[in-house]
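Novice: I'd like to ask you about the structure that follows.
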Amino acid sequence: NSSSVNEFILLGLSENQGVQKIFFVVFLLFYTLTVAGNLLIVLTVTSSRDLNSPMYFFLCHLSFVDVCYSSVTAPQMISGFLLENNTISFAGCMGQLFGLHFFGCTEIFILTAMAFDRYAAICRPLRYPALMSRCLCGRMLGGSWAGGFLHSALQTLPTALLPFCGPNKVSHYFCDVRPLLRLACADTRAAGIAAVANSGVISLSCFLILVSSYVVILASLRGQKAAVWRKALSTCGSHMVVVMLFFGPCTFVYLRPSLEPSEDRSVAVFYTLIAPMLNPLIYTLRNREVKGAMRKLCRR
């Protein structure tokens with residue numbers, strides 16, 4: 001890299017010392033809950049013989065991805081609240097950019113695979129065991145990880161090759177494409193359009209696939225008894241809430257024209273920390289099987 005900048009300063013969420021101390025306590029608590037809650041889901045699913053359906057297979061991997069995803073940004077942000085200059089090396093910054101998009105995009109694809117699983121379970125119940133075979137689930141999961149890797153490489157490589165020769169203050173609490181493009185000593189309009197097209201199109205197209213799958217599911221339930229509706233909505237409801245929490249802020253940040261950096265920062269907190277923290281709660285509060293398996297695990 002021809003860059004003369006070998007480290008960046010992350011400006012974080014606030015420059016007010018008093019606010020930073022409050023943020024330190026709040027976000028440390030959020031991150032601890034995120035890691036503990038998601039690892040509990042992973043332990044529960046892997047140790048329970050009852051939770052062996054494709055839904056729990058994907059849920060286990062979603063929780064693992066959530067731990068990795070929040071760990072890319074949260075520790076650096078939390079430690080930054082106690083430091084005067086929250087610096088990150090050039091290599092560390094590019095690693096964070098890669099990790100953020102790798103785990104974020106993998107999560108998007110896993111959520112889409114989970115929607116297909118719910119569609120197959122509700123709309124094709126007789127063919128469900130054949131449709132959602134272990135082999136297909138493995139392929140869908142492998143495709144999610146491969147898709148995340150490809151997306152992230154396409155975001156990180158062009159950014160890493162840009163010349164950075166002047167300002168090094170990143171107006172964010174993590175390294176992302178948009179705040180880094182503002183610092184490059186080159187015309188970055190083409191790179192900016194490519195980045196928005198890549199992240200925005202993936203977020204929006206997967207979101208539209210998810211919404212379409214739920215429209216099909218609800219349409220297939222017309223004329224069914226109330227008990228069938230209740231069962232379908234209980235299995236799909238938690239997934240719909242998680243999708244809204246994750247995709248809403250994500251699509252907002254990556255698809256709109258660049259506005260105030262402070263807006264990007266506050267919205268990013270939702271999809272990097274709050275959504276991964278709430279996922280275990282949402283999936284366990286509405287699911288008797290998971291709650292039962294957790295009780296058994298705690299007794300053991």
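The values are calculated or read from the model by the stated rules, or taken from the named source; none is laboratory data. Not measured: the values here are computed from a predicted model. Here Cβ is always computed from backbone atoms with ideal geometry, including for glycine, and neighbour counts include all displayed protein chains. Each accessible area value is taken on the protein alone, full model and side chains, heavy atoms only, with ligands, DNA and RNA left out. Shrake-Rupley method; radii C 1.70, N 1.55, O 1.52, S 1.80 Å.
Novice: Being under 20 Å from PRO75 (Cβ atoms) and either β-branched (Val, Ile, Thr) or surrounded by fewer than 19 Cβ atoms within 10 Å (Cβ to Cβ) (or both) is the filter here; which residues of the range 16-26 pass it?
Specialist: VAL19, GLN20, LYS21, ILE22, PHE24, VAL25, VAL26
Residues checked against (1) open to solvent by 50 Å² or more (accessible area, probe 1.4 Å); (2) part of a helix (DSSP H, G or I):
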{"position": "PRO167", "(1), (2)": "yes, no"}
{"position": "PHE174", "(1), (2)": "no, no"}
{"position": "LEU183", "(1), (2)": "no, no"}
{"position": "ALA194", "(1), (2)": "yes, yes"}
{"position": "VAL201", "(1), (2)": "yes, yes"}
{"position": "SER213", "(1), (2)": "no, yes"}
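Novice: Of the numbered conditions (1) exposed (fewer than 14 other Cβ atoms within 10 Å of the Cβ); (2) of a type in the set (D, E, K, R); (3) touching a Gly at 6+ places or on another chain (Cβ under 8 Å), ARG178 satisfies every one except a single condition; which is it?
Specialist: (1)
Novice: While we're looking at this one, here's another question. Report yes if some residue within the range 215-233 is of a type in the set (Phe, Trp, Tyr), part of a helix (DSSP H, G or I) and either at positive phi or surrounded by 15 or more Cβ atoms within 10 Å (Cβ to Cβ) (or both); otherwise report no.
Specialist: Looking for residues that are of a type in the set (Phe, Trp, Tyr), part of a helix (DSSP H, G or I) and either at positive phi or surrounded by 15 or more Cβ atoms within 10 Å (Cβ to Cβ) (or both), one finds none in the range 215-233, hence no.
Novice: Here is a follow-up. Are there any pairs with C-beta distances below 8 angstrom linking a residue in the range 43-66 that is without any contact (Cβ under 8 Å) to a residue 24 or more places away in the chain and farther than 20 Å from TYR31 by Cβ to a residue that is open to solvent by 40 Å² or more (accessible area, probe 1.4 Å) and hydroxyl-bearing (Ser, Thr, Tyr), with the two at least 6 apart or on different chains, and if so which?
Specialist: Taking only residues 6 or more apart or on different chains, the pairs are CYS60/THR46.
Novice: Moving to a separate point now. For the range 145-175, name all the residues that are within 16 Å of the chain's Cα centre (by Cα) and touching a residue at least 60 places away in the same chain (Cβ under 8 Å).
Specialist: Matches in the range 145-175: PHE174, CYS175.
Novice: Ok, one more. Name the one entry in GLY148, GLY99, GLY142 that is surrounded by fewer than 16 Cβ atoms within 10 Å (Cβ to Cβ) and small (Gly, Ala, Ser).
Specialist: None of the others qualify; the one that does is GLY142.
Novice: Do the conditions hold for SER4, that is, is it farther than 26 Å from HIS172 by Cα and at pLDDT below 90?
Specialist: no
Novice: Would you please name the residue that is least open to solvent (accessible area, probe 1.4 Å), looking only at residues in the range 248-300 that are among the aromatic types (Phe, Trp, Tyr) and at pLDDT 75 or above?
Specialist: Result: TYR271.
Novice: Can you pull out the residues in the range 15-40 that are free of Cβ contacts under 8 Å to residues at least 12 places away in the same chain and under 23 Å from the mean Cα position of the chain (by Cα)?
Specialist: VAL25, VAL26, LEU29, THR32, ALA36
Novice: Tell me the residue from THR73, THR44 that is under 30 Å from PRO163 (Cα atoms), open to solvent by less than 10 Å² (accessible area, probe 1.4 Å) and part of a helix (DSSP H, G or I), please.
Specialist: When all the criteria are applied, what remains is THR73.
Here is a yes/no grid of residues against (1) outside any loop (DSSP other than H, G, I, E, B); (2) touching a strand residue (DSSP E or B) at 6+ places or on another chain (Cβ under 9 Å):
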| position | (1), (2) |
| --- | --- |
| ASN52 | no, no |
| PHE64 | yes, no |
| MET77 | yes, yes |
| ASN85 | no, yes |
| ILE88 | yes, yes |
| MET94 | yes, no |
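Novice: Of the conditions (1) open to solvent by 20 Å² or more (accessible area, probe 1.4 Å); (2) within 19 Å of PHE174 (Cα to Cα), SER53 clears all except one; give me its number.
Specialist: (2)
Novice: Given the criteria farther than 15 Å from ILE110 by Cα and either in contact with a helix residue (DSSP H, G or I) (Cβ under 7 Å, 6 or more places away or on another chain) or of a type in the set (Lys, Arg) (or both), does SER203 qualify?
Specialist: no
Novice: Please go through the range 162-216 and pick out each residue that is of a type in the set (Phe, Trp, Tyr) and out of contact with any Phe, Trp or Tyr (no Cβ under 9 Å at 6 or more places or on another chain).
Specialist: Matches in the range 162-216: TYR173, PHE174.
Novice: Moving on to the next point. Go through the range 85-96 and report how many residues are open to solvent by 10 Å² or more (accessible area, probe 1.4 Å), closer than 21 Å to SER14 by Cα and among the hydrophobic types (A, V, I, L, M, F, W, C).
Specialist: 1
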